[in-house]
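Encoded as structure tokens, the structure appears first; notes follow it.
Nothing in this text is a laboratory measurement; each read-out follows from the coordinates by a stated rule. All figures in this text were calculated on a predicted structure; none of them were measured in a lab. Heads up, the Cβs are rebuilt from the backbone with ideal geometry, glycines too, and the neighbour counts pull from every protein chain shown.
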Amino acid sequence: MTAHTASSTLRDDPLIDPADALAAARDHIVAAALTPSAGGRVGLELECHLIDLRRPGRRPEWDEVVAVAGSLPAMPSGSRVTLEPGGQIELSTPPTDDVASSVAALRADRQVLRDGLARAGFGAAPLGTDPARPVRRVNPSGRYVAMEQHFAAVDCADPGRAMMTGTAALQVNLDAGPEAEWAQRLSLVAALGPVLVAASAGSPYLAGESSGWHSMRQQIWHGIDHGRSDPITPGSEPAQAWASYALDAPVMLVRPADGGDDVHPVRQRVPFRDWLQGRAPIERRPTLADLDYHLTTLFPPVRPRGYVEIRCLDALPDRWWPALATLTAVLLDDPDAAAAAAELTRPVVGAWEAAARDGLRDPAIAAAVRGCVDVALVHCPDELRPELTALADLVAAGRTPSDELRERADRVGPLRLLEEEAHA
């Protein structure tokens, strides 16, 4: 989840009158959902758990997190550095021409981040969940306080808090491509989701405990409100499908009419369409800025934002995330690889939970993962072939990064694993 920076202010006028509000809102969402492009550009976002190397079992307080982030130099590749509710630190590259240049950009900035943090006595562990430390929000922002209160009110307090403060992701952002290809492209992204979940799993422990799920990060996401975290079914009109999803999704937060920071939680499930149509226990009518803000509180595993956000991959150690970024981009941006992936994923379409819970223990998931990795290996850039070859060897042996991390945690303990990855 990316730390939110408001990009718009509340407007004085509401979304027209109640009779037209629903259509106006739908049009607004659809217009911004996907932007036609030639395709091929890639952006990467990598979240890491911030670790005090002197006391790795302690979660740094917010003033420490802000001070450490403020001491960092500018990133040479232009990545933004942002902070998350549990003190996680994130690098977000600008879009580049292809996956090879995006991986190179993130690698360069990751090294600068590593060096800058080390000078301050900190490290950053890219793991899908914090394997050792108790989940706890340290960011005092009103947005995150209200999010926590909303999750508690709708009976998902524990997974909501864990999602905010104890998880980290590798996000792959791709161009939407030509408009004529949107339906096919978004359907393939959705079909690939279970493969990417299983292949990228890097979260066998959370807060010192293991549930047995292959990806505990995905287990957490399964536990929060399904109206804001379930996959979108793109269909023949993916922008319209996103609009329907967003209008049905419950309102989480309401900002004051002046657009200030005093954010209030909505303490029951209220679909945004009900607020539009005057059927919500919210004092004022929504504006376009409210709708834009609502969209930032929706967390499906694939989210259209003009480009396509692929949000279902766990954060992974530096020895693995380049391979998973490459796998994702190649299977979607290379036409021959995409055609092969569409066939390979057909038996596991919709198998999100099985992929997260069982990983390669599920025979159909295992076959799809191995097939997709082999296809990507044929079509990947030469400079990334060693990384993808290592992943191919791993999955051919029936293993993924999560299995590797689980074995290490079982030998030395989750806290030692966290400390090792922060030093890596």
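Would you work out the Kirkwood radius for region 376-424? I mean one over the mean of 1/r across all pairs of different Cα atoms, in Å.
Values: mean 1/r = 0.0808 Å⁻¹.
Result for region 376-424, one decimal place: 12.4 Å.
What do you get when you divide the Cα radius of gyration of region 48-192 by 2.2 N^0.38 Å, with N the number of residues? If you can, show how the numbers build up before the last one.
Numbers: Rg = 17.4 Å, N = 145, 2.2 N^0.38 = 14.6 Å.
Compactness ratio reported: 1.19.
On average over all directions, what projected area in square nanometres does region 200-242 have, based on the convex hull of its Cα atoms? Please report the intermediate quantities before stating the final value.
Numbers: hull surface 16.3 nm².
It is 4.1 nm².
What ranking do 339-346, 141-148, 72-79 get when scored by the average of other Cβ atoms within 10 Å per residue, highest first? Please report the intermediate quantities before stating the final value.
Working: 339-346: 17.2, 141-148: 19.1, 72-79: 15.6.
With the highest mean Cβ count within 10 Å placed first, the list reads 141-148, 339-346, 72-79.
How large is log10 of I(q)/I(0) for region 260-356 at q = 0.13, 0.16, 0.23 Å⁻¹ when the intensity is taken from the Debye formula with one equal scatterer per alpha-carbon?
-0.73, -0.89, -1.32
Work out the length of the dipole vector of the chain about its Cα centre, built from +1 on the beta-carbon of each Lys and Arg and -1 on the beta-carbon of each Asp and Glu, and round it to the nearest 20 debye.
Numbers: 41 positive and 58 negative charges, 192 e Å.
Approximately 920 debye in magnitude.
Would you pull out the residues with amide H under 5 Å of residue 129's amide H, same chain only if 5 or more places away, H placed 1.01 Å from N?
Distant-sequence amide H within range of residue 129: 168.
In whole percent, what relative contact order does the chain give with Cα contacts below 8 Å and a gap of six or more residues?
With pairs under 8 Å counted, the relative contact order is 24 percent.
What does the charge add up to near residue 418, with Lys and Arg as +1, Asp and Glu as -1, over the other residues with Cβ less than 13 Å from its Cβ? Before the final figure, lay out each step's value.
On the way: positive: 55, 58, 59, 133, 408, 416; negative: 52, 130, 419, 420, 421.
Here the count lands on +1.
Rg/Rh for the chain to two decimals, with Rh computed the Kirkwood way over all alpha-carbon pairs. Spell out each step's value before the answer.
Numbers: Rg = 20.7 Å, Rh = 21.7 Å.
Rg/Rh for the chain comes to 0.95.
Once the other residues with Cβ under 12 Å from the Cβ of residue 149 are scored (Lys, Arg +1; Asp, Glu -1), what is the net sum?
Working: positive: 137, 143, 161, 267; negative: 148.
Net local charge, residue 149 excluded: +3.
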